[in-house]
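Please read the structure below before turning to the comments.
Bear in mind these aren't lab numbers, they're just calculated from the coordinates by the rules spelled out. Fair warning: this is a prediction, and the values are worked out from it, not measured in the lab. Quick reminder, even Gly has a Cβ in these numbers, built from the backbone with ideal geometry, and neighbours come from all protein chains shown.
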Amino acid sequence: MKAVRRENGSLQLLDLPTPEPGVEEARIRITAAGVCHSDLHLARGDWRGVPTSGVIGHEAIGIVEALGPGAERYVKVGDRVILGLGGTGGGYWCGACDYCLGGQPRHCSQSKGIMGVFAEEFCVWAKSLVTIPESLSDLEAPLACGGLTAYGAVKKLVDHGIRPGSAVAVIGAAGGLGHYAVQIASSFGYRVVGVDIGSDRLDFAKSLGAEATYEPADAIERTKAEYGGCHAVLVFAARLSGFELGLKLLRKGGLFVAVGIPPSSEGNLSINPFEFFINDPTLIYSAVGTVQDMRELVDLAVAGKVRSHVSRTGNLSDLGAIFDELESGQYLGRAVITDLSR
Ligand SMILES: [Zn+2]
Ligand SMILES: [Zn+2]
């Protein structure tokens, strides 16, 4: 089978043996794999301490084609499934520790990620699979990470008592994750303020349901004038400047939800303790989501409330070119590999 690997920072398209599913694993024939910005960061070695060799790809749709011992309890051969769970935490969790029982399996000390779906076939822990109906297109593969990550972040607003009708800024509103967050937050009843750069991107955010859209340069003034500051911000920016802007858009006592991960070289987010005291923000990070979140998101997508905006499709061998295009911000939304065999 064909598969892509990173070898010291460069991508290689290889012929590898078909993997055999282990205990509680299913082998999936991948029919579509989304290209996530995290794959690009991994390919470029942007995150300190993360190895520059290994497999990549963590959002996919496919068909179950073989089961390891015990996997029959979760799926059957022929099921159409979405897999990836945002890469981290979906490959295994113990199910018995404080974190697992408390609904945060990603923090389980035994948790493993899902990585390597840029391949024709892939073995994955069957418990992390979510079955999907035929009505959901293969082009919805990016729901498995981009969509799920946005959904998990919007759900945190509810968990922290942000009521429907509240003003929620989405920084990076037209991006690969932000475009989902605008749709999901709108469907939850929030008044979405989309922040992005350039009129094309702002128009796109508006078409997805944003009530107002601002450029970063005038976002602070305009959100203050129109909304008295935001009740919450969702920061999808891959640059530290987006994080700094997010803090400034909040009203007093607001909720800051970080989602993007700027390169380590950009340094730290700093906050002055006196301003912390005066403005009293709640700062949290939101990463990916759970199997239950994935099921809820699939339901929203089937109901037509959220859709992946896919601007680019290609073959496995196009991955390097897609990374270059993604890096230079050549298109809105996501890219999906629709032929894994070449
Ligand atoms: Zn656990
Ligand atoms: Zn991802």
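Things to note:
- Residue satisfying all of: in the stretch 5-34; in a loop (DSSP other than H, G, I, E, B) and among the acidic types (Asp, Glu); nearest to residue 91 (Cα to Cα) among these: 24
- Enumerated helices (runs of 4 or more DSSP H) restricted to the stretch 196-260, each holding at least 3 residues that are in contact (Cβ under 8 Å) with a residue 60 or more places away in the chain and farther than 22 Å from residue 274 by Cβ: 199-207
- Each residue in the stretch 83-97 was checked for being of a type in the set (A, V, I, L, M) and away from ligand 2 (no atom under 16 Å from the Cβ), and 1 of them qualify.
- Residues in the stretch 129-143 that are under 20 Å from residue 170 (Cα atoms) and hydrophobic (A, V, I, L, M, F, W, C): 143 alone.
- Scanning the stretch 285-320 for residues that are within 16 Å of ligand 1 (Cβ to nearest atom), surrounded by 17 or more Cβ atoms within 10 Å (Cβ to Cβ) and not hydrophobic (A, V, I, L, M, F, W, C) yields a single hit, 290.
- Scan of the stretch 52-104 for residues that are crowded, with 23+ Cβ neighbours inside 10 Å, within 16 Å of ligand 1 (Cβ to nearest atom) and in contact (Cβ under 8 Å) with a residue 60 or more places away in the chain, ordered by number: 85, 89, 90
- Residue 209 closer than 14 Å to residue 309 by Cβ and of a type in the set (Gly, Ala, Ser): yes
- Selection within the stretch 105-126 - under 16 Å from residue 294 (Cα atoms) and either among the small types (Gly, Ala, Ser) or without any contact (Cβ under 8 Å) to a residue 24 or more places away in the chain (or both): 113, 126
- Among the candidates 136, 143, 129, 157, residue that is touching a residue at least 60 places away in the same chain (Cβ under 8 Å), surrounded by fewer than 21 Cβ atoms within 10 Å (Cβ to Cβ) and under 21 Å from residue 290 (Cβ atoms): 136
- Count - residues of the stretch 98-111 that are closer than 26 Å to residue 37 by Cα, away from ligand 2 (no atom under 16 Å from the Cβ) and not in a loop (DSSP other than H, G, I, E, B): 2
- Residue ID - surrounded by the fewest Cβ atoms within 10 Å (Cβ to Cβ), chosen from residues in the stretch 105-123 that are of a type in the set (S, T, N, Q) and more than 6 Å from ligand 1 (Cβ to nearest atom): 109
- Test for residue 306: is it part of a loop (DSSP other than H, G, I, E, B) and closer than 28 Å to residue 334 by Cβ: yes
- Residue in the stretch 193-206 that is under 18 Å from residue 146 (Cα atoms), out of contact with any Leu (no Cβ under 8 Å at 6 or more places or on another chain) and buried (at least 20 other Cβ atoms within 10 Å of the Cβ) present: yes
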